[in-house]
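The structure appears right after this line, and notes come after that.
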Amino acid sequence: MQHYTNDTKQYKNIPKRFKAPHTAMYKNDRRIVITLDAGGTNFVFSAMRGYDFIVDPITYPSNSHDLKLCLDTMVKGFEEVIAQLDEKPVAISFAFPGPADYRAGIIGGYLPNFPSFRDGVALGPFLSRRFGLPVYINNDGDLFAFGEATGGMLPEVNRKIRELGGSRTYTNLLGYTFGTGLGIGSVINGRLNLGNNSCVETFCLPNKLMPGIIAEDGAAIRSIVREYGRITGNPDHGLTPYDIFLVAEGVKEGDPEAAREAFALFGQVAGDAFATAVTLTDSLIVIGGGLTGAAKYILPSLVAEMRSTLRTLSGDEVQRVQMRIFNLDDEMEFAKFVVGDSRQIKIFGSEDTVTYDPMKRTGIAISKLGASKAISIGAYVYALTSIDSAE
């Protein structure tokens, strides 16, 4: 994807089944997993040990228009990676765009970038037979969220909370990718939430600004291009989102106010979708993908939308999200996020006190790993947790 340039005592009595799996240990794991960044234009093959790539990436055209040629390319790329390794890999694990039965490893359905896969391809079983290895295929949004939950934003937030003397530990994370689409992944209690049908999505939620239209049409690369054209009255402007970002920055000719408004409208639509998702999952949020370099023009309206209010029929005002929303990339907001509203209250009938913090809160941060690295870490950890849980 393109990028612009504690104290955990309160959790000790939680039943074991609700505790997050100990995935941090995989950072130093010596096993090797083959990875693939599968794009409609190119395939990028590599291998990971721990959370690091151990071979230089190998890139080939994906040849997605021709099924046999595409599969032959996959086999060739994986073979070349394996030839560079000093020991046998334990699995192949990667993300694939579009609808699929991921548990069965079958790719099929409406795939604009992979037309030869639309009738259904048993990709996982094919590769497993060819290489004699377990093969794990997941949605890129799912693996992005899992990578950030195991080796990125989530452990980093919990580490900083402990350093600042906080007492909470967060285990739920939503990962969103801003790019050609509005991708999402969900991690609940430290585990990747695949749902019943590998179909955790928000791209198809209603678009707040265009009734009857999907949210993704207002929160994707195409929406930035479209809205800039609409606002300026020049739909054939020919600018890319990065060009529009440069216009907003004042370093490229154009209408900077229109450019900033295009990004702000994107943020408003995305914020409405985020509000629904975070209300149902009570999660922190991390954002990655090609448009995060323009975050300073997107986040203000996004956060404002999540902080907005609704009304009841009786006229009462209700917060759109039943938690306070913090920008975790802002040091002052992060400090407030950690402190919350902690106070001491007496136990009835005694002089003893307990700590009470009634503030419900969540936060948003931009990925520091980048979407591609986070997806690879997610693929790596997913493969090893799957192998270990089967033993």
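Numbers at a glance
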{"quantity": "Members of the stretch 225-259 found to be more than 13 Å from residue 297 (Cβ to Cβ) and open to solvent by less than 30 Å² (accessible area, probe 1.4 Å), listed by number", "calculated": "229"}
{"quantity": "Scan of the stretch 96-145 for residues that are among the aromatic types (Phe, Trp, Tyr), closer than 18 Å to residue 378 by Cα and open to solvent by 10 Å² or more (accessible area, probe 1.4 Å), ordered by number", "calculated": "102, 136"}
{"quantity": "Flag for residue 27 being under 26 Å from residue 118 (Cα atoms) and among the basic types (Lys, Arg)", "calculated": "no"}
{"quantity": "Criterion: open to solvent by less than 60 Å² (accessible area, probe 1.4 Å) and either modelled with pLDDT of 95 or more or closer than 30 Å to residue 50 by Cα (or both) - qualifying residue of 209, 194, 164", "calculated": "194"}
{"quantity": "Candidate set: the stretch 346-383, residues that are polar (S, T, N, Q) and not in a strand (DSSP E or B); chosen: the one farthest from residue 283 (Cα to Cα)", "calculated": "350"}
{"quantity": "Helices (runs of 4 or more DSSP H) (entirely within the stretch 109-175) containing at least 3 residues that are over 18 Å from the mean Cα position of the chain (by Cα)", "calculated": "123-131, 153-163"}
{"quantity": "Qualifying residue in the stretch 292-307 (condition: closer than 30 Å to residue 33 by Cα and either out of contact with any Phe, Trp or Tyr (no Cβ under 7 Å at 6 or more places or on another chain) or of a type in the set (S, T, N, Q) (or both))", "calculated": "yes"}
{"quantity": "Total residues in the stretch 365-391, condition open to solvent by 20 Å² or more (accessible area, probe 1.4 Å), touching a Phe, Trp or Tyr at 6+ places or on another chain (Cβ under 7 Å) and β-branched (Val, Ile, Thr)", "calculated": "1"}
{"quantity": "Subset of the stretch 46-66 (residues that are outside any loop (DSSP other than H, G, I, E, B), under 26 Å from residue 187 (Cβ atoms) and in contact with a helix residue (DSSP H, G or I) (Cβ under 6 Å, 6 or more places away or on another chain))", "calculated": "47, 48"}
{"quantity": "Qualifying residue in the stretch 73-88 (condition: basic (Lys, Arg), surrounded by 13 or more Cβ atoms within 10 Å (Cβ to Cβ) and either assigned to a helix (DSSP H, G or I) or in contact with a Ser or Thr (Cβ under 7 Å, 6 or more places away or on another chain) (or both))", "calculated": "yes"}
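The values are calculated or read from the model by the stated rules, or taken from the named source; none is laboratory data. Remember, predicted model here, so these are calculated numbers, not experimental data. Ideal geometry is used to build each Cβ from the backbone, glycine not excepted, and the neighbour counts take in all protein chains shown. Calculation scope for accessible area: heavy atoms of the full protein, side chains included, ligands and nucleic acids excluded. Shrake-Rupley method; radii C 1.70, N 1.55, O 1.52, S 1.80 Å.
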